Amino acid sequence: MAGEPQSDCLFCKIVSGEIPATIVRESETTVAFRDINPQAPTHVLVIPKVHYPDAATLAAAEPQIAADVLREAGAVAADEKVVDSGYRIILNTGSGAGQTVFHAHAHVLGGRGLQWPPG
Ligand code: 5GP
Ligand code: ZN
């Protein structure tokens with residue numbers, strides 16, 4: 001059922017603690033942890049505790065939790081002191097756009113120059 005934990009989902013296992021992660025923030029509805037393969041000095045993933053395959057399906061079903069993810073992404077940027085230098089919140093959606101984990105997540109990238117448009 002949508003929103004329920006998926007037994008084969010890596011990020012559901014991080015939410016449950018079955019797989020360890022370096023958690024930097026947690027709220028009632030979200031967890032933020034460092035990406036295992038960082039692409040910038042700050043590279044944190046913010047995920048909802050509930051399982052949806054991507055950000056848009058999360059927002060359609062649970063708009064408040066989608067807003068929580070964005071708020072927490074901003075809080076991570078503040079914690080990491082990258083607000084003044086600029087940072088990027090990325091929502092890869094679909095394998096053609098580089099999505100590899102099909103549990104909604106926002107990347108927070110900062111701490112270096114970021115090109116536009118991204119590749
Ligand atoms: P996507 O490519 O789906 O947008 O992002 C998935 C991200 O999850 C990738 O940046 C990848 O490095 C990260 N990732 C994959 N497996 C793990 C893991 O076991 N732990 C952590 N912390 N990050 C992971
Ligand atoms: Zn999941």
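The values are calculated or read from the model by the stated rules, or taken from the named source; none is laboratory data. Keep in mind the model is a prediction, meaning the values are calculated, not measured. Note that we place each Cβ from the backbone using ideal geometry, even for glycine, and neighbour counts take in every protein chain shown. Each accessible area value is taken on the protein alone, full model and side chains, heavy atoms only, with ligands, DNA and RNA left out. Shrake-Rupley method; radii C 1.70, N 1.55, O 1.52, S 1.80 Å.
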Restricted to the range 73-101 and to residues being of a type in the set (D, E) and either touching a Ser or Thr at 6+ places or on another chain (Cβ under 7 Å) or free of Cβ contacts under 8 Å to residues at least 40 places away in the same chain (or both), the residue nearest to T29 (Cα to Cα) is E80
With the requirement that a residue be over 13 Å from the mean Cα position of the chain (by Cα) and either within 16 Å of ligand 2 (Cβ to nearest atom) or under 22 Å from A97 (Cα atoms) (or both), what does the range 22-37 give you?
N37
Filter the range 60-89 for residues that are surrounded by fewer than 19 Cβ atoms within 10 Å (Cβ to Cβ) and either within 13 Å of ligand 1 (Cβ to nearest atom) or aliphatic (A, V, I, L, M) (or both) and give the result.
A60, A61, A67, L70, A75, A78, V83, R88, I89
Could you list, in sequence order, the residues of the range 1-30 that are more than 14 Å from ligand 1 (Cβ to nearest atom) and polar (S, T, N, Q)?
Q6, S7, S27, T29, T30
(1) among the β-branched types (V, I, T); (2) within 19 Å of C12 (Cβ to Cβ); (3) more than 16 Å from ligand 1 (Cβ to nearest atom) all hold for V46 apart from (3)
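Given the structure, is T100 closer than 17 Å to P118 by Cβ and open to solvent by 70 Å² or more (accessible area, probe 1.4 Å)? If you could, list the steps in order and put the result at the bottom.
Values: closer than 17 Å to P118 by Cβ: yes; open to solvent by 70 Å² or more (accessible area, probe 1.4 Å): yes.
Answer is yes for this residue.
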Just to check your reading of the model, which residue among A32, A56, A73, A40 is more than 23 Å from P117 (Cβ to Cβ) and of a type in the set (A, V, I, L, M, F, W, C)?
A32
